[in-house]
Amino acid sequence: MLTDLRQRLHAIRSAEMPVEQAYGVIKRKSARFSAEATGARFYCPVCGSWYRSFAAFGLRGRPNARCPGCGSLERHRFLWLYMMGRQRILRPGSRILHVAPEACIQQRLLRDFRVRYLGIDRYDDDANAEQQDLTDLPYTDNAFDVVICNHVLEHIPDDRKAIAEISRVLNPNGHALIMVPIDRDRQSTYEDSEITAPSERHKAFGHPYHVRVCGWDYADRIREMGMAVFEAHSTDIPEHRRRINRINRTVLYDCTATRS
Ligand SMILES: [Zn+2]
């Protein structure tokens, strides 16, 4: 991701936690599975297919989390529904900056929308993305109409600087769609820069790559960096639809730059 991943990856590999366990790596099933699916219960809005089941994913193996066709997770499906439901976010010719791009979202945007798309990642060589540091972007002010930054900021020690960069490159009429994992029982975000070992971070923050646990006040941190934040809650989607799309309780920050 966007921090010192290579170093920590080595620590995890050598001593602490298999990468497969950290990321719940699974082998994707063929999209042809959808054609064979009889009695399909779940629909993935990202790849537009029905499935009998989704794959387990995550440290605790959440059941029916990952789409076997496109690899989308619950948060990707919510993000996609939100983007599709608010047509003013995606327009023909929109300039999109996709941070640490998820392949499922990237592929749909490139395939089905006439947008000007740029993916960036700090380290990932396989992500079909430019290698850039989110805390120090080389782009001009107002360069993008949409910024997508999904589960990235919890990996970045100086996340305020990253948020400031997102705000800077965002067109004042544009939208930054930001998601972080929220501990729903926590009001205040918890972080401690002294905690650096993957195993200690896992204990303190719930994940060996995370540098904080985000609470409900995280939206205020974004506001402090110069953006207005609309909090979109997945629970606003009807319950039966969340069940079919396998969308969990989460929140998406729809952010707009407040400068003129
Ligand atoms: Zn899918």
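From the set of residues in region 72-98 that are surrounded by 15 or more Cβ atoms within 10 Å (Cβ to Cβ), of a type in the set (Lys, Arg) and under 21 Å from Val251 (Cβ atoms), which is farthest from the ligand (Cβ to nearest atom)? Walk me through how you get there before you give the answer.
Going residue by residue through region 72-98, those that are surrounded by 15 or more Cβ atoms within 10 Å (Cβ to Cβ) are 72-83, 89-90, 94-98.
Pick out the ones that are also of a type in the set (Lys, Arg) and you get 75, 77, 95.
Narrowing the set further to residues that are under 21 Å from Val251 (Cβ atoms) leaves 75, 77.
Numbers: Arg75: 13, Arg77: 8 Å.
Checking each candidate, the answer is Arg75.
Filtering region 46-71 down to residues that are within 19 Å of the chain's Cα centre (by Cα) and of a type in the set (Phe, Trp, Tyr), which residue is surrounded by the most Cβ atoms within 10 Å (Cβ to Cβ)?
If we take residues in region 46-71 being within 19 Å of the chain's Cα centre (by Cα) and of a type in the set (Phe, Trp, Tyr), then Phe54 is surrounded by the most Cβ atoms within 10 Å (Cβ to Cβ).
Taking Asp185, is it outside any helix (DSSP H, G or I), under 16 Å from Val251 (Cβ atoms) and without any contact (Cβ under 8 Å) to a residue 24 or more places away in the chain? Lay out the reasoning, then the answer.
Details: outside any helix (DSSP H, G or I): yes; under 16 Å from Val251 (Cβ atoms): yes; without any contact (Cβ under 8 Å) to a residue 24 or more places away in the chain: yes.
Spelling it out, Asp185 is indeed outside any helix (DSSP H, G or I), under 16 Å from Val251 (Cβ atoms) and without any contact (Cβ under 8 Å) to a residue 24 or more places away in the chain.
Return the pair list, or none, for Cβ contacts closer than 8 Å from residues in region 155-174 that are more than 25 Å from His207 (Cα to Cα) to residues that are among the aromatic types (Phe, Trp, Tyr), at least 6 apart or on different chains.
Val169/Tyr139; Val169/Phe144; Leu170/Phe144; Asn171/Phe144; Gly174/Phe144
Just to be sure I understand the filter: pairs with C-beta atoms under 6 Å, separated by 6 or more residues or on different chains, first member in region 55-72 and closer than 22 Å to Gln107 by Cβ and among the hydroxyl-bearing types (Ser, Thr, Tyr), second member within 12 Å of the ligand (Cβ to nearest atom) and part of a strand (DSSP E or B). Which pairs pass?
Ser72/Cys44
In region 129-143, which residues are under 26 Å from Glu74 (Cβ atoms) and either over 15 Å from the mean Cα position of the chain (by Cα) or at pLDDT below 95 (or both)? Explain how you work it out, then say what you get.
Taking region 129-143 as the starting set, the residues that turn out to be under 26 Å from Glu74 (Cβ atoms) are 129, 134.
Listed by number, the list holds a single entry, Ala129.
Step by step: first the residues of region 72-124, then only those that are of a type in the set (Phe, Trp, Tyr) and under 15 Å from the mean Cα position of the chain (by Cα), then the one that is farthest from Tyr139 (Cα to Cα). Which residue is that?
Taking region 72-124 as the starting set, the residues that turn out to be of a type in the set (Phe, Trp, Tyr) are 78, 80, 82, 113, 117, 123.
Next cut, under 15 Å from the mean Cα position of the chain (by Cα) only: 78, 80, 82.
Details: Phe78: 28, Trp80: 25, Tyr82: 26 Å.
Of everything passing the filter in region 72-124, Phe78 is farthest from Tyr139 (Cα to Cα).
Within region 108-144, count every residue that is closer than 14 Å to Met83 by Cβ, out of contact with any strand residue (DSSP E or B) (no Cβ under 6 Å at 6 or more places or on another chain) and in contact (Cβ under 8 Å) with a residue 24 or more places away in the chain.
Here the count works out to 1.
Could you tell me how many of the residues in region 140-161 are under 26 Å from Val115 (Cβ atoms) and assigned to a loop (DSSP other than H, G, I, E, B)?
The total comes to 7.
Within region 48-62, track down each residue that is farther than 15 Å from Arg243 by Cβ, of a type outside the set (D, E, K, R) and either more than 9 Å from the ligand (Cβ to nearest atom) or in contact with a helix residue (DSSP H, G or I) (Cβ under 8 Å, 6 or more places away or on another chain) (or both).
Our first condition is that a residue be farther than 15 Å from Arg243 by Cβ; within region 48-62, this holds for 48-49, 55-61.
Now restrict to residues that are of a type outside the set (D, E, K, R): 48-49, 55-59, 61.
Once the filter is applied, which keeps residues that are farther than 15 Å from Arg243 by Cβ, of a type outside the set (D, E, K, R) and either more than 9 Å from the ligand (Cβ to nearest atom) or in contact with a helix residue (DSSP H, G or I) (Cβ under 8 Å, 6 or more places away or on another chain) (or both), region 48-62 yields Ser49, Ala55, Ala56, Phe57, Gly58, Leu59, Gly61.
The values are calculated or read from the model by the stated rules, or taken from the named source; none is laboratory data. Everything numeric in this text was worked out from a predicted model, so none of it was measured. We place every Cβ from the backbone using ideal geometry, glycine too, and count neighbours over all the protein chains shown.
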